[in-house]
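In what follows, a structure is listed as structure tokens, so that the remarks can point back to it.
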Amino acid sequence: MLTRRHLRIKVMQSLYSFFLSRESNLAQEVNFFEKSYFNTFSLYLALLAFLKSTYEHALDQTNLQKDLRNKKNSINSDSLVGNKILKFIAEHPILVNHVKKKKIKFWELDFDYVKSNFNSLMENENFQEYARKKSPTLREDRDIIVFFFKVIIAPSDGFYHYIEDKELTWIDDLPVVNTFLLKTLHKIDPKNSNSLHFPQMNLANEDPQFAINLLEKVVVNNDLLQHEMVGRTPNWDSDRIALLDAVMIKMAMAELLYFPTIPPKVTMNEYIEISKDYSTPKSNIFINGILDKTIRDFQKSDRLNKSGRGLI
């Protein structure tokens, strides 16, 4: 689910916290990273649980309409009840088990978010056109759920702020998890229970181990990395560089020195792109200049200990 870029961002956040707080220590920041790593999966489950709650609300509305025997003002919630993709998600035994085990009840407690997005869908012309179909195809079922998530839920300011307030690291995870969920929706086959993917989050895997190792290397070698910045920061003393930029530069230098299988070009590009999203407008140019000089200096002094395919 998580790319190495996203893992680098999590390491950056942990290091920023570490260098900002005098009371923090390496063990605490590794623990923060590990919690943040697993919280990404929790966010994925929370979004699936939101769709599950939407289905259950549609079912309640359909039953209410039947009880009232009032079709004149029907909001076509029965169309969602019959949606094969949404029904498959809502009744999936693994999701039901995760929701129960992790006690994901906040959509019940904060039901207004489910209700408001449900009503927005009911009022949408695309949905009303879908609801008029007597027997929608699987593709039409899928398209309306993708539309619901992509056009109504994800851009909702209220939903965004709710996620931001719910868990510290979720707002940074949201774009990645949204993309992963959309890809999952496109692959769902109601006849195949395995088509709803639940990624295995294992800290022993190569990518999270890389991230933890990177975090530890920067902390342990901070004095050396700080020294490496001296003379490579034009017009700035190394101790005057914005903390977040300094963290990214140290991370990049650690990769250049201690991670032989990562090409220098990959390292450089990753931190330039991260700086565009997380730092000042000109930080990417600043970081690009420093890393370009650093790579050339390390190459001249034969300090780039790199091996493997695709290296420059």
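In table form, for the structure just shown:
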item	result
Per residue convex hull volume, Cα atoms of the chain, in Å³	162 Å³
Helix runs (DSSP H) in the chain reaching 30 Å along axis by Cα, Kyte-Doolittle at least -1.0	26-68
Listed residues PHE147, TRP170, ASN117: farthest to the positive end of the dipole of the chain (Cβ charges)	PHE147
Debye, to nearest 20: dipole size of region 140-227, +1 on Lys, Arg Cβ, -1 on Asp, Glu Cβ	320 debye
Modelled FRET efficiency - R0 41 Å, ARG303 with LYS35, Cβ distances, 0.05 increments	0.75
Cα pair distances exceeding 19 angstrom across region 221-300, given as percent	28 percent
Cα-based convex hull volume of region 1-56 per residue, rounded to whole Å³	88 Å³
Exposed GluC sites (Glu not before Pro) absent - longest run of the chain, DSSP non-H/G/I/E/B, at most 16 other C-beta within 10 Å	168-312
Region 1-51 versus region 165-232: alpha-carbon centroid distance in Å	8 Å
Low-density loop positions, trypsin sites (Lys or Arg not before Pro), region 237-286 - DSSP coil, at most 13 other Cβ in 10 Å	LYS282
Computed FRET value (nearest 0.05) for LYS293 with LEU243, which takes r as the C-beta separation and R₀ as 25 Å	0.75
Sequence-separation-based contact order of the chain, relative, with Cα cut under 8 Å and 6+ spacing, percent	19 percent
Ellipsoid equivalent to region 25-195 - semi-axes via the Cα gyration tensor, in Å	31, 17, 15
Gain in span if fully extended, THR280 to LYS150, counting 0.36 nm per residue against the direct Cα distance	43.9 nm
Size of charge dipole - the chain - debye, nearest 20, with Cβ of Lys, Arg +1 and Asp, Glu -1, no other charges	980 debye
Projected label distance in nm at ASN192 and ASN63, using a 7 Å step from Cα toward the beta-carbon	3.3 nm
Region 173-312, Cα convex hull volume normalised per residue, Å³	143 Å³
Of LYS103/LYS183; LYS105/LYS187; LYS166/LYS250; LYS84/LYS187; LYS250/LYS282; LYS10/LYS217, those spanning more than 24 Å from alpha-carbon to alpha-carbon	LYS103/LYS183; LYS105/LYS187; LYS166/LYS250
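Since every read-out is calculated from the coordinates, none of them should be taken as a lab result. The shown structure was predicted, so the numbers you read here are calculated from the model rather than taken from an experiment. All Cβ positions, even for glycine, are placed from backbone atoms using ideal geometry, and neighbour counts span all protein chains on display.
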